[in-house]
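So the structure is just underneath, and the comments pick up after that.
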């Protein structure tokens, strides 16, 4: 298990943070930290979630996150040094 940080861009709608956090609750994943800040250019929020995670379960979590309508993108960083494992950002098309 590695410390993994997910940087999630969500639209500024009511309940967006609740939907993301409840996803981790349903999957029984314990969060080490959660922070968010407004992003003015994107008119949304940037969520930074740190947790211990197997790399094999990462694609499943990304897929679940992208099913949430408010989620616009997900970036993944592994390890304490913050090196980006996947330089590309997974984008969800707006519905």
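Where a number appears in this text, it was derived from the coordinates with a stated rule and is not lab data. Note that the structure is a prediction, hence the values are computed from the model and not measured. FYI the Cβ positions are ideal-geometry reconstructions off the backbone, even for glycines, and counts take in every protein chain you see.
Please say if the stretch 2-80 is rounded, prolate or oblate, where rounded means a/c under 1.5 for a ≥ b ≥ c the square roots of the C-alpha gyration tensor eigenvalues, and otherwise the choice is prolate for a/b larger than b/c and oblate otherwise?
Values: a/c = 1.79, a/b = 1.48, b/c = 1.21.
Because a/c hits 1.5 or more and a/b exceeds b/c, the stretch 2-80 counts as prolate.
Show me 62-70, 10-18 ranked by packing, highest mean number of other Cβ atoms within 10 Å first. Provide the component values of the computation, followed by the final result.
Working: 62-70: 16.1, 10-18: 14.1.
The most tightly packed comes first, giving 62-70, 10-18.
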